[in-house]
Structure formats: C-alpha cells, structure tokens
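What follows is a single structure, and I will ask about it in a moment.
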Amino acid sequence: MPRIIVRPALATLLIHGLLLLSLTLNWGVQDREVVKAKPAPTVINARLVDASEFKPKPKPKPVTKKPQPKPTPKPVVKKPVETTKPKPKPAVVKKPKVAAKPKPVPMAVPKPQPAPRITREELARIAREELAATAAAEQASATGEMSATFVALIQQTVINYWSRPPSARNGMEAELAIQLIPTGEVVSVTIVRSSGNSAFDRSAVNAVEKAGAFPELQTLPSAEFERTFRRFRLLFKPEDLRY
Amino acid sequence: MKRLHIFLFTVALSLMATTVRAELTIEITQGSDDPASIAVVPFAWQGSGAPPADVAEIVDGDLARSGQFAPVARVDMLGRPTAEADVFYRDWRAINAEYLLIGRVSGVNPVRVDYELYDVLRQTRILTGNQSGPASEVRMVAHRVADAVYEKLTGVPGAFATKLLYITVDRKDGGGLSRLTLSDSDGASPVVLLKSGEPLLTPTWSPDARHIAYVSSESGRPAIYRQELATGKRQQLTNFKGLNSSPAWSPDGRSMAMVLSKGGNPDIYVMDLASGQLKQLTRHYAIDTEPTWMPDGNAILFTSDRGGKPQIYRYDLRSGATDRVTFEGSYNARPRISQDGRSMVMVHRQEGRFHIALQDLVTNRVQILTQTDLDESPSIAPNGSMVLYATKQAGRGILAAVAVDGAAKFSLPARQGDVREPAWSPYLNR
C-alpha cells in the first residue's frame, strides 16, 4: 500500500521540482518561451477580466493586425485541420507580444519543460491536449481579441463623456452595472457601489447615459455579446485628477 | 453546529457570488471634464408690472463663469417650461442638455424665487427649492439659486452669493482718488464704502464677513482701520511709525496678523483684537510681509526676501519655527490659502512675467494659472473654485478670475480708473 502512494508522490514532487526549477532557470528566456508556447487562452482571459491593463490608445493597434490572420469569427471547423502545424501560427505569435505585461508565463513554461522525462504515451497525451488547447485558443483568441477591442471602445467612449465634478478626488470609486441589447443600446444603468459622493455618482451615470449606445457591438458574434457585453460593470475610478 | 451550518452556507453563498460575478469590469480612470450642458429657462414672472430682474440670466451667468457648466442659449430652447407639467425631456435631450432648471418669480417685496432642477438624461427632478429676499437684493437671491444648483451638481458649495472688495484709483490729474468698493461676486451692484485722496490698500475680510479692514493713509501716514459693513463704523487699529500694512484676520476672528516696521524693518506681528496687545512673530533683517493664516489657525504664511529673493515662508504659531514653502522660481509672493488648506495661490514670476500660480501644499507641485503679465493680488473664492486677481488690460488695471484648474477665465466689467487688490469674501450668513 505505502509503495503505491510513494511512487506517484515522488513523481509529483519531481515534477513540481522541475516546474520550480524551470521557473527560476528559464526566467530570462521567458519571452521567447511565451511566443512558442502560445498560451493564448490564458492571456486573453487575463486581459478580459482585468480591463485596466490596457490603455485606450495602444488597443486600436491590435484591431488592424488581428483581422489579417483570422478574418472569420468562427473558424471552428477549419481550425482542427490547421492544428497539425501548431508552431507557425502567426496570430498567436503576435499576441503575446502585444500583451507582454500580463504574466501567464508560469503556466506556459511548465508544459514544455517536463517533456524530456516523460514516456511516449504521456507525450502523445500532452500533444493531444496541446492540439486541443491550441484549437480552443484560436477560437477564444479570435473572439477574445474582438472583445478586447470593444472593451477599449467602450472605455474610450465613456471617457469622452465623463465630466468629473470638482468634488471628485483620485481614489473615489463608483461601480455601475450596465445592460445592453444586441444593437449596442444601453438599456439599464444602475449604481451597484456608490462613491459616497452623489455628484460623482451622477457624473458617472450621465457619462454612460450620454454615450447612450455602442453600436459597434452589433458586429460581435451574438454568443460573445451574450457572454461578455449583455451585462458588464463599469468601475469609475479617477487617477488623473489634481488630487 | 448551527453556527457551522451558517458558516458553510455563507461560504457557499460567497463562492456562488464570486462565480456569478465573473462579469466583465471595465475601469474608467480618466475623464474629459467638458462642462456640463445646462438649460436655464427664463423664469416665469407671476407678479404685475415689470419683473424685478431676469433671475434666470443671472443664474445662467454664474454657472457659465464657473467653467463647470455650458449653459444652453435661449434661442436653442425648443420650449420654455416654467412648471413641471410642461417639461418634455425629449426637447432637452434633443439639444443635448444634460440638466434643466426652471423657476418662477413672485412677490415684489420680498421677492420669492421657486425653482426645480431636472436631470434630463435620467428624466428625474433632482432638486426643488426656493429663495427669497428684499427687492433690493434680487440679484443676491438669484445668486443663491445658482449656489444651490452648483452644489447639487458639483458636490461643492457655490460661491456666487458672495461679495468682492477692491480698490479703484482714478488716474485723473495725477493725484488720484482712491475708492474702496464692495460688489457682488459677478462685479454687479458696486457700492463705494470709502473715498480718499490718499492711498487705500490691502482690503480684507473678517471671517464672519461682517467687518473689513484696510490700510488708509488719510491721517498722513499708513494706518490699519477696521470697519463694520452694516453700520460703516470705523476704528483705527494701528498708528505706528513706519509701515502699517497687510492686515489679515485669524480664522477665529479674535486676532489680526499685520506688518509693522516700528522695530526698524518690516516684520510680522499679531494683534489681539480685544486687548490691542501686539506680539512680534518674525525678527529678521529682511523684509517679512503679506501674512495670511492657514485655515486651522496654527500657522501664518508670509513673503520674505530673507533668502535673497522673495519666497513664501510658514511660521508655525505653536513651535515658533519658520520653514520655507516655495522653491520653484526666483519670485513667489502674496500667498492665499484655500479653505481646505490644500492649495496656495501666489504671484509667481516666470521668464520675467508675473503670473498667478497654484501650489499644492501636499505635493508641492506648482501650476501656473494665468497667461497674462503683471498679475497680482490673488484672492481665492471661499469654495476654492476660482481665484480672483488684478491684472492689466491695455495698460489699465482690471479684475479677472480663473478657475483653480485653469480651465475657465473671465474678466469683471471694467470700472473707471485702475482696479486693484481684490478680496473675495467668505461665505455670507453662515
């Protein structure tokens, strides 16, 4: 009995050790690793949730680049075919560069690392998983990148309409729940977390009301619209005021 | 056991909550801060004869001067409601008005103004109120309406229903007649409080806005006088040899800082107003002048050239220590502090030109607010939103104001002669 436990335990210890080693040793090469390992899904997820990561200006650039590699929003059928050659994927290579700041690296590095020590069956399994992941990444990144673009668009629009009252201070926070319909029209704005300053709260609500609609969202696949933009939150949190 | 259940239940709930809340959150950390569009519809006049004043126009002007609002021109209004039943939000949304103010004026003496403020985008009434006062003060009544609207929409009390003091000097015949004048915050309704053939200088307000003080040389040499606004009763506070200047009331109203040179060269003193006793604060062979109090009453800022060039220093009344406050540039003088103690305005020289600048007393960042030359005597509004100062226009002294964020500027209507040394009053009736 104990032996049965010991072996897997040792194996996991070893693997974890390797992971740690790889993390520390490969630190310098990371960037290249990321590019090869195409951890697109994690990058995309990180971006979507943490919208503050990207600034309104740099975002528009990806817009022009992305459409080239994958013009179609639902390449689900084609992708598995392409996945036989996962490495040369051009879009994936570019993406990590754009999102160099988020650090999904710890997750990316582990996979290639244990490779030399594992059996053929395991290798096959990993390959299969990678293929699947790549396919998913393709898909997720396509819509993900689109979403990111629209997030930036919403952000910039609201910024343009947001007129802060003189009582606004850096560090105040008001969170609004926004509901859209597929035309991009704002149908509901509610304060879910007040800043405690009613003039500040009003300025935030009015920024969204003045924007009124984000008609560009109509071009988004409906599944993506439902998933991300049907309901979302806006966190008003000034950082550029005098104080 | 029950507790454990409750605990597990809350844990489960919060876990659910976190999964459900996996909603996209977009952070907005910047704004464009364009002025908010507000439509101030002409108020209905419900009396006989001519209305006492165009109250809406006064309110409109106040809001526009603040720089926080962009009033809608009357010609662009698609309707002129004066009661809630006549308000059609789409008319206002169509011309991109964010807010709508309507009202009614009734009564002759006293005059009464009823008003309602609407949020056009959310289609709700957000403020209802009324103000009244004697017919002679109808403009002040209108300013109080503007104050209420401003406070509701900005979160900062309005400072329209306040007064200005300033000195005008006629340039005729070289000699020149000095006048100490009191006006509304928009420069309207000027009243001359004192005329003198000798110079009048540095008018200032008591914290309750009931008294003023100034320097007059009517007795042959400069002396500090205190005057009660309501009665015009005057009292000479100092008559020392040499300089008697720059009176500044303490925030509690009990003492007054001033500059006296009876000790040989100008130093800062504080007088206890009840007893008349003097205490000398600074003893330096350099010139110490232009004292002003920190709002907490614990320190006095003043200008001194003890470092070779005029700079602003802080005298701590508790410890007696003096620290230098300004370091940017070779000339910083005439400090005034906002009521929150955070912002200091001053005269700052840059490339040989004198501008009004604002220094953040926490970060010590200096921001130049004015582009004109020869700007002097900054005075800050009681709500900290605007700085009034004296400047030159076509060689003549005029008064101008600038928002503390530098965004809005305006000049006060020109008066005869040169206008100098404005002093913005504290809030009235508080």
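Between beta-carbons, use under 14 Å as the cut-off and find the net charge around residue B:160, counting Lys and Arg +1, Asp and Glu -1.
Summing Lys/Arg as +1 and Asp/Glu as -1 gives -3.
Measure up A:210/B:152; B:262/B:392; B:163/B:309; B:241/B:392; B:195/B:409; A:210/A:237 against 22 Å on the Cα-Cα distance and list the ones that go over.
B:262/B:392; B:163/B:309; B:241/B:392; B:195/B:409, as the Cα separations exceed 22 Å there.
While we're looking at this one, here's another question. How big is the range A:164-236 along each principal axis, measuring the range of its Cα positions in Å and listing the largest first?
Here the spans come out as 40, 19, 18 Å, largest first.
Quick one: order B:354, B:88 by neighbouring beta-carbon count within 10 Å, fewest to most.
B:88, B:354
Another question, if that's okay. If you stretched the chain out fully between residue B:275 and residue B:130, how much longer would it get, using 0.36 nm times the residue separation minus the C-alpha to C-alpha distance?
Here the answer is 47.9 nm.
May I pose another question? Let me know the Rg and Dmax you get for the range B:389-430 when you use only its Cα atoms, in Å.
Values for the range B:389-430 (Cα only, Rg and Dmax): 12.1, 39 Å.
In square nanometres, what is one fourth of the surface area of the convex hull spanned by the alpha carbons of the range B:81-193?
It is 9.8 nm².
I've got another one for you. What trypsin sites (Lys or Arg not before Pro) in the range B:193-301 are in a loop by DSSP, with at most 11 other Cβ atoms within 10 Å of the Cβ?
B:233, B:241, B:283
Rounded to the nearest 10 degrees, what's the angle between the helix B:138-154 long axis and the longest principal axis of chain B, both from Cα atoms, 0 to 90?
Its long axis makes an angle of about 60 degrees.
Shifting gears a bit: Which number do you get for Rg(Cα) / (2.2 N^0.38 Å) in the range B:201-351?
The reported ratio for this selection is 1.01.
Can you tell me the 0 to 90 degree angle between the C-alpha axis of helix B:2-20 and the longest principal axis of chain B, rounded to 10?
So the inclination is approximately 90 degrees.
Apply the a/c threshold of 1.5 to the C-alpha gyration tensor of the range B:163-424 and tell me whether it is rounded, prolate or oblate.
rounded
Compute the helix-to-body angle for B:55-65: its Cα long axis versus the longest principal axis of chain B, expressed 0 to 90° and rounded to tens.
70 degrees
Now for a separate question. Return B:270, B:347, B:105 ranked ascending by Cβ neighbour count within 10 Å, so the fewest neighbours appear first.
By the 10 Å Cβ count, ascending, the order reads B:270, B:347, B:105.
Now for a different question. If you count, for every residue in A:163-176, the Cβ atoms of partner chains within 10 Å of its Cβ, what is the mean?
4
To continue, here is another question. If you plug each phi of the range B:343-351 into the Karplus form 6.51 cos²θ - 1.76 cosθ + 1.60 with θ = phi - 60°, what whole-Hz ³J(HN,Hα) values come out, in order, with x for Gly and Pro?
Listing the rounded values in order: 10, 10, 9, 7, 8, 10, 9, 9, 6 Hz.
Count, for each residue of A:206-215, the Cβ atoms from other chains sitting within 10 Å of its Cβ, then give me the mean as a whole number.
3
Another question, if that's okay. For the range B:192-257, just the Cα atoms, rotate onto the principal axes and tell me the three extents in Å, largest first.
Taking max minus min along each principal axis of the Cα atoms, the range B:192-257 gives 31, 25, 16 Å.
Using a 10 Å cut-off on Cβ to Cβ distances, tally the other chain neighbours for every residue of B:31-38 and report the average as a whole number.
Per residue, the average neighbour count from other chains is 6.
Here is a follow-up. I need A:192, B:87, B:145 ordered by Cβ neighbour count within 10 Å, fewest first.
The most exposed by this proxy come first: A:192, B:87, B:145.
Laboratory data are not the source of any read-out in this text; all were calculated from the coordinates shown. Quantities reported herein were computed from a predicted structural model and do not represent experimental measurements. Here the Cβ is made from the backbone with ideal geometry for all residues, glycine too, and neighbour counts use every protein chain on show.
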